[in-house]
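Presented below is the structure to which this report refers.
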């Protein structure tokens, strides 16, 4: 749509190319600005902590070729895996069901509030949309009360702990799954509704006249057409839930059920000072799942955040 | 012969109209046959979930903010008053504590400063970058991917990266400052620079988002508008200022709402940057103050009252936005 000639107008060859050169210099410069904190982190994370000087945080460890850059070592990454292992496992236990549940329920809600049209649904839908913008602080104390004093999830899990792979502390992760599902629903519903509004009514109407039930319409027509949107929603929710700290901090609080973001807060600090290689390796390890998802499905992520 | 599908559609439309104005007087005549009821298995369970967890919790929080709930034990709902709000505005010694409690003005002020500086700079950077990316550049997808990359990271992770960038001895920011003969400067613990450092790191993380929103806005403007301005002989800067930017109002408003709400949620970032509940008075925002009062000090009811104030701030921004979206039929 925006071609060079269309927008840059008629220029002399030299003036034109100079403009373009400046443009690309600025674009590359901004690219460097966004990448450098991650790049320095990556370089620091592969320096052996004993030889780390901090003089050239942006250079790879090239000792003895370049003095002062430290020696190459995977020790920080090993330390990070040790320190975050349990948190990573807990985060996976949390994020997979929470993502699927919020996506599926969001799709169902959007279907019932969009494809099937009825009076007053917009009022219900507004309550969904407003939920996107709630500052979570406004619900924290009730949530803690609810999960610790009202719902006896813990007692429920005590007998279950006899089963293989189930531990008593998993009750906190279940509480977190349900909480994240509820708070992810508004944005999922919004994304699916935008998608369903674009679908043509004809198929649904024809199916209704054929006597198809609402459940059949959803399963046979809407669900198959939702698959591209499910990709967008799952990627968005995965990133949000994986990255969250606040709910974990107030519902899990501490102990064996701590998720990866909680473990990351305190890593790399000790009496003897800050172990920057370890801390950077841990930060990158905790970010790795969302970074990979972003690198492979970046276009879908962009679609999710821009909606 | 008429297309059978057209006939069916007309019949269906008539069928719909009966529903739309009557409600009860449909052909089947049963309340169970209404579309709202028949589709309830789909929308009702999610609605109950958000009704309980979001709206139920908000109401419960308001009630909790009127109690004296403090420390261990459970809240006493028999004596409700506005004491926590009085304390929040004026400070003093509340009945539930023997210690003096500070008012929230400092945190509220920091919240507003952070919110305004962060969102305005994000929008400005995002707009300039969107215009640059929109010049028909090569490798556009690569540039866009890089600019949006920080947004895929957790607040906790970005805080760790910037803590390192800002470090007095080994941070890149101080190395660059040293290169031009300034510093080294203590940034993270410096009361004068703390909030700016936090805002800068958040701008790093979210300006790519503003760019994506603006880019979509720019792409929606017909090419003829650019061409018309060209024909009129407007300079590039003039064209964007007078013709293009005014058409980006919708993009600006929606990005602004999302960014301000993000800044209200900056708790995760501050918690990770300062390794706990204590960012210090010059970087304390309502979001951190609330969690600290409730979860570190055990002043649950007072924390709830601060949360209500935060909620009102968010509502003041979001309610007009949702209302105009509704009026335009864009929901």
Once each part is reduced to its C-alpha centroid, what is the distance from the range A:110-157 to the range B:203-227 in angstrom?
33 Å
Relative contact order for the range B:76-149: what percent, with Cα pairs under 8 Å and sequence separation of 6 or more?
15 percent
How many percent of Cα pairs in the protein assembly as shown exceed 33 Å?
53 percent
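Which FRET efficiency, nearest 0.05, do residue B:95 and residue A:86 yield, Cβ-Cβ r, R0 56 Å?
Working: r = 43 Å, r/R0 = 0.76.
With a Förster radius of 56 Å, E is 0.85.
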Using a Gaussian network for chain A with springs between C-alpha atoms less than 10 Å apart, which of these wobbles most: A:136, A:218, A:52?
A:136
When chain B is treated as a GNM, springs tying every alpha-carbon pair under 10 Å, which of B:305, B:57, B:108 comes out with the largest mean-square fluctuation?
B:57
Taking a virtual spin label 7 Å from the Cα of residue A:156 along the C-beta vector, which residues in the range B:55-88 bring their backbone nitrogen under 17 Å of it?
none
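Per-residue Cβ counts within 10 Å, from other chains only, averaged over B:133-141: what number is that? Don't jump to the answer; show the numbers that get you there.
Details: counts 4, 3, 10, 10, 6, 4, 4, 2, 3.
Counting Cβ atoms of other protein chains within 10 Å of each residue's Cβ and averaging gives 5.
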Among A:50, B:140, B:293, which comes first, then next, by fewest other beta-carbon atoms within 10 Å?
A:50, B:140, B:293
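Could you work out the helix-only [θ] at 222 nm for chain A, with each DSSP H run of four or more residues adding -39,500 (n - 2.57) and the total divided by the number of residues, to the nearest 500 deg cm²/dmol? Please list the in-between numbers first.
Values: 11 runs with 196 residues, N = 307.
Helix contribution divided over all residues of chain A: -21500 deg cm²/dmol.
In whole percent, what relative contact order does the range B:105-298 give with Cα contacts below 8 Å and a gap of six or more residues? Don't jump to the answer; show the numbers that get you there.
Numbers: 206 pairs, mean separation 69.8, N = 194.
The value is 36 percent.
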Can you list the residues of the range B:178-220 with backbone N under 20 Å from a point 7 Å past the Cα of residue B:140, pointing along Cα to Cβ?
B:208-220
What does the structure give for A:108-119 when I average, per residue, the other chain Cβ atoms found within 10 Å of the residue Cβ?
6
Checking rank on B:243-254, A:225-236, B:174-185, with mean other Cβ inside 10 Å and highest first, the result is A:225-236, B:243-254, B:174-185
For the range B:207-331, what's the relative contact order in percent, using C-alpha pairs closer than 8 Å and at least 6 residues apart?
17 percent
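What's the average, rounded to a whole number, of partner chain beta-carbon atoms within 10 Å of each residue's beta-carbon in A:31-42? Mind dumping the intermediate values first?
Working: counts 7, 1, 6, 11, 4, 5, 14, 7, 2, 7, 5, 0.
The per-residue average across the peptide is 6.
When the chain is fully extended, how far beyond the present Cα-Cα distance does residue B:223 get from residue B:326, taking 0.36 nm per residue of separation? Please report the intermediate quantities before stating the final value.
Working: separation 103, 0.36 × 103 = 37.08 nm, distance 2.89 nm.
Taking 0.36 nm per residue and subtracting the Cα distance, the gain is 34.2 nm.
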Exposure proxy check on B:154, B:95, B:282: fewest-to-most Cβ neighbours within 10 Å is B:95, B:282, B:154
Points 7 angstrom from Cα along the Cβ direction at residue B:319 and residue A:100: gap in nanometres?
4.1 nm
Label residue B:76 and residue A:39 with points 7 Å out from Cα along Cα→Cβ: what is the distance between them in nm?
6.2 nm
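Okay, helix-only estimate at 222 nm for chain B: each DSSP H run of n ≥ 4 adds -39500 (n - 2.57), divide by all residues, round to 500 deg cm²/dmol; what do you get?
Numbers: 16 runs with 203 residues, N = 331.
After summing the helix terms and dividing by the residues of chain B, the value is -19500 deg cm²/dmol.
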Which of B:235, B:117 has the fewest other C-beta atoms within 10 Å, and how do the rest follow up to the most?
B:235, B:117
Report the Cα centroid-to-centroid distance between the range A:230-307 and the range B:237-309 in angstrom, as an integer.
19 Å
Once both label points are put 7 Å beyond Cα along the C-beta direction, the residue A:296-residue A:55 separation in nm becomes 4.1 nm
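Every read-out reported here was derived from the displayed coordinates using simple, explicitly stated rules and does not represent laboratory data. Model, not experiment: these values are computed from the prediction. Every residue, glycine among them, receives a Cβ derived from its backbone with ideal geometry; neighbour counts consider all protein chains shown.
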